[in-house]
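Notes for the one structure printed next.
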Amino acid sequence: MKKLKLQMQMTVDGFVSGPNGELDWMQWNWGDDIKKYVNELTDSVDTILMGRKMTDGFISYWSNVKPESEEYPFARRMTDKPKVVFTKTLSKAEWENTTLAKGELKQEVNRLKNQTGKDIIIYGGADFVSSLTRDNLIDEYYLFINPVVLGRGLSISGKIKDRLNLNLDQSIAFDCGIVVNKYHPVR
């Protein structure tokens, strides 16, 4: 069975965006150490899951990276990998390599996890990740803790009804100031 992995940027105080969706707090002065880590994590998956709200920004960003950019090889990974967008409102996918999942979340995710191949990664957004966490569907949490405190904003715990205990598998501090904590749920 495939694992469902979450890769998410977060502040020290647990927010994944500012109160109005701001993402200007994220550290992007990444060194080779964190880039290598992200590339290895990305290479371990063959499918990207996203909520509808995040899809436009994600796909338009990566599909517009120019070949001369340092980001281009990674951008190709993001555009070439199959993406599944969970939505109740869209009737068709407007993006290349993208399909829509319109059924019940738990059933759709378990169907994907039961397919053959590499693991699956989730990049967000906050409401979608909160729903996946609520339904205990995430197998590994890769939380990229940025060295910033916002004081208020959106978190991934909005729809969680019961406490979720996590075990820390790994914690790595990178030169840019980000600490990646890898957890798995206690089941």
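Conditions (1) in a loop (DSSP other than H, G, I, E, B); (2) within 16 Å of the chain's Cα centre (by Cα), marked per residue:
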residue	(1), (2)
Glu96	yes, no
Val109	no, yes
Thr133	no, yes
Asn136	yes, yes
Tyr142	no, yes
Val149	yes, no
Leu168	no, no
Cys176	yes, no
Being more than 23 Å from Leu4 (Cβ to Cβ), in a helix (DSSP H, G or I) and without any contact (Cβ under 8 Å) to a residue 12 or more places away in the chain narrows Ser60, Ser69 down to just Ser60
Output the number of the condition that Ser157 fails; it satisfies all remaining conditions of (1) touching a strand residue (DSSP E or B) at 6+ places or on another chain (Cβ under 9 Å); (2) surrounded by fewer than 19 Cβ atoms within 10 Å (Cβ to Cβ); (3) of a type in the set (Ser, Thr, Tyr). (1)
Quick one: in the stretch 164-187, of everything that is polar (S, T, N, Q) and loosely packed, with under 12 Cβ neighbours inside 10 Å, which residue is modelled with the lowest pLDDT? Asn165
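The values are calculated or read from the model by the stated rules, or taken from the named source; none is laboratory data. Since we're looking at a predicted model, the values are computed, not measured. Heads up, the Cβs are rebuilt from the backbone with ideal geometry, glycines too, and the neighbour counts pull from every protein chain shown.
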